[in-house]
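The values are calculated or read from the model by the stated rules, or taken from the named source; none is laboratory data. All values reported here derive from a predicted model rather than from experimental measurement. As a convention, Cβ positions derive from the backbone with ideal geometry for all residues, glycine included, and neighbour counts pool all protein chains shown.
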């Protein structure tokens, strides 16, 4: 189970998308999650989306991936707008949206991000795409304080609309991915309580946390990693899978 100061370790996340013909493959690997996603498409719209959960916090997280079937028929360039994030696995859903965008562009991408926890209310973070640093930020009491163009924007509700309206598409994409990392690092403080509960909390924040599902989603213990200081190593199987030589 989590130690009382587990949440102070921060977060590191890697997301890699490989576009190839009629199928795009994507991997997400961080302190809490490790899964792979396939997106089949016809060059214009999604035909099917499936995922494989290798590591996650609850027993029903793999089942949440089945909700990605709702993406079928949606235009690649439109992303996943219109579907409720709360009725999906947040992280698989966002990786699927990233895979859709990459497919529409016809370009692979590799994101890495890191978040440092300074104290209970202050965080700093960075994100790089394909090895190029795109954004560094600071958050103080739920609001961005840096960079200057972000100052005063909320970490929560309102940021997505602001980023879409005010930032160039590539920067908006990176900003939203980094924001998710900050939210996840901040949530680390709740690990002792979640471990003690033994199942997903009925908060309604994602598919496994819906009231009708939460008590059946049993807590997985011993799956949390600490990549905050070293970065996330995508293993050989991930690389082979992305290349299509494994499965």
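For this structure, a couple of remarks:
- Evaluation of residue 182 against the conditions (1) within 18 Å of the chain's Cα centre (by Cα); (2) surrounded by fewer than 13 Cβ atoms within 10 Å (Cβ to Cβ); (3) in contact (Cβ under 8 Å) with a residue 60 or more places away in the chain shows that the sole unmet condition is (2).
- Residue tally, condition farther than 24 Å from residue 194 by Cα and at pLDDT below 95, over the range 24-41: 0
- The set of residues in the range 105-128 that are in contact with a helix residue (DSSP H, G or I) (Cβ under 8 Å, 6 or more places away or on another chain), closer than 30 Å to residue 48 by Cβ and surrounded by fewer than 19 Cβ atoms within 10 Å (Cβ to Cβ) contains only 108.
So that you can scan it fast, the table gives a plain yes or no per residue for (1) within 26 Å of residue 155 (Cβ to Cβ); (2) in a strand (DSSP E or B); (3) touching a residue at least 60 places away in the same chain (Cβ under 8 Å):
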| residue | (1), (2), (3) |
| --- | --- |
| 46 | no, yes, no |
| 50 | no, yes, no |
| 62 | no, no, no |
| 69 | no, no, no |
| 101 | yes, no, yes |
| 112 | yes, yes, yes |
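- Members of the range 114-129 that are in contact (Cβ under 8 Å) with a residue 24 or more places away in the chain and not in a strand (DSSP E or B): 120
- Residue check, residue 48 closer than 24 Å to residue 187 by Cβ and modelled with pLDDT of 95 or more: no
Each row is one residue, and each column tells you yes or no for (1) surrounded by fewer than 17 Cβ atoms within 10 Å (Cβ to Cβ); (2) over 27 Å from residue 119 (Cβ atoms); (3) modelled with pLDDT of 90 or more.
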residue	(1), (2), (3)
138	no, no, yes
156	yes, no, no
170	yes, yes, yes
174	no, no, yes
189	yes, no, no
210	no, yes, yes
230	yes, no, no
